[in-house]
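The values are calculated or read from the model by the stated rules, or taken from the named source; none is laboratory data. All values derive from a computational prediction rather than experimental measurement. Here the Cβ positions follow ideal geometry from the backbone for every residue, glycine too, while neighbour counts run over all protein chains shown. All accessible areas refer to the heavy atoms of the entire protein, side chains included, with ligands and DNA or RNA removed. Shrake-Rupley method; radii C 1.70, N 1.55, O 1.52, S 1.80 Å.
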Amino acid sequence: MTQPTTGRRERKKAQTRKALADSALELFLERGYDQVSVKDVAEAADVSVTTLFKHFSGKEALVFDQDAERGEALVAAVRDRAPGRTVLDGLRDHLRPIVLKVHEAPDFRRFRELIDGTPALGEYAHRMWMRHEAALAGAIAAETGADADDVQIRALAHYALAAPRLAGGGEDPGADLDRIFTLLRHGWGDLGA
């Protein structure tokens, strides 16, 4: 079965969106986020500011141009996991290569420093990632037969989404992510008793 070909219009939109995101990131890393305007980004990508806002909701969104795809991938990790794999296995299997790739990519360190050093981006990144919590809770609920509003399901989605950030700061993020998911699977038990 062949994939449908993307039309010229869609390809052009995708190219413009990529040019804007790439230009923004380059300028933000070079000058600092607060020293770059949306007009600067539009000029660097050779488009109008109006065109920029057709593709991105605001300046912060330029940095996180793959938000929708990430949310869809998280839900798919639960829904499309391999037979015999638990919901937690599916999530860990999806998040582990991302955490490792981020840890090993030298360019990502500069990107992470940009986000961590810019309060507006740090807050946006957190809101963006955690925005997927409701969708992930819905997917977990659908797979387990629970109610998506159940506090345990919401908590599981919340902590699974927090895991990559927590694990990413250590020396061995893969092992740290595994430890977090072991904790999610088995709970705290009588730790500290």
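Suppose a student asked you for the relative contact order of the chain, using Cα pairs under 8 Å spaced at least 6 residues apart; what percent would you report? Before the final figure, lay out the partial values.
Numbers: 151 pairs, mean separation 33.9, N = 193.
The normalised contact order for the chain reaches 18 percent.
Mind sorting out which of (1) 178; (2) 123; (3) 165 is the real volume of the Cα convex hull per residue in Å³ computed from the coordinates?
(3)
How many angstrom lie between the Cα centre of the range 156-185 and the Cα centre of the range 27-76?
28
With +1 on the Cβ of every Lys and Arg and -1 on the Cβ of every Asp and Glu, and nothing else charged, how large is the dipole of the range 75-188 about its Cα centre, in debye rounded to the nearest 20? Spell out each step's value before the answer.
Working: 15 positive and 17 negative charges, 25 e Å.
Dipole size: approximately 120 debye.
Around THR118, which amide H atoms from residues at least 5 apart in sequence, or from another chain, sit under 5 Å from its own amide H, with H modelled in the peptide plane?
Result for THR118 returns nothing.
Using a cut-off of 14 Å between beta-carbons, work out the net charge of the residues near ASP89 (Lys and Arg +1, Asp and Glu -1, ASP89 not included). List each step's numbers first, then the result.
Details: positive: ARG79, ARG81, ARG85, ARG92, ARG96, ARG185; negative: ASP80, ASP93, GLU143, ASP178.
The answer is +2.
For the chain, what is the accessible area per residue in Å², given a 1.4 Å probe and the full set of protein chains? The partial results should precede the final answer.
Working: 12090 Å² over 193 residues.
Ligands and nucleic acids excluded, the figure is 63 Å² per residue.
Can you tell me the dipole magnitude for the chain around its Cα centre, using point charges on the Cβ only (Lys, Arg +1; Asp, Glu -1), in Debye to the nearest 20?
Working: 27 positive and 31 negative charges, 142 e Å.
So the dipole magnitude of the chain works out to roughly 680 debye.
Computed FRET efficiency, Cβ-Cβ of PHE111 and ASP34, R0 25 Å: what is it to the nearest 0.05? Before the final figure, lay out each step's value.
Values: r = 16 Å, r/R0 = 0.65.
Efficiency computed from Cβ-Cβ geometry: 0.95.
Putting +1 on Lys and Arg Cβ atoms and -1 on Asp and Glu Cβ atoms, find which of VAL36, ILE140, ILE115 reaches farthest to the positive end of the dipole of the chain.
Farthest towards the positive pole: VAL36.
Tell me, what % of the accessible area of the range 48-123 is carbon and sulfur with a 1.4 angstrom probe?
Values: 2280 of 4320 Å².
That fraction is 53 percent.
If the chain between GLN66 and LEU100 were fully stretched, how many nm would it gain, using 0.36 nm times the residue separation less the Cα-Cα distance? List each step's numbers first, then the result.
Details: separation 34, 0.36 × 34 = 12.24 nm, distance 1.83 nm.
My answer for the length gained is 10.4 nm.
Hey, got the dipole for the range 107-174? About the Cα centre, +1 on K and R Cβ, -1 on D and E Cβ, debye to the nearest 20? Mind dumping the intermediate values first?
Numbers: 7 positive and 11 negative charges, 52 e Å.
Taking the Cα centre of the range 107-174 as origin, the dipole is about 240 debye.
List the relative contact order of the range 49-131 as a percent without decimals, with contacts defined as Cα pairs under 8 Å and 6+ residues apart. The partial results should precede the final answer.
Details: 28 pairs, mean separation 21.2, N = 83.
Rounded, it is 26 percent for the range 49-131.
List nothing, just return the count: lysine pairs in the range 1-132, 8 or more apart or interchain, with Cα separation under 16 Å. Could the numbers behind the result be given before it?
Numbers: LYS12/LYS54; LYS13/LYS54; LYS18/LYS54; LYS18/LYS59; LYS39/LYS54; LYS39/LYS59.
Taking the Cα cut-off of 16 Å, the pair count is 6.
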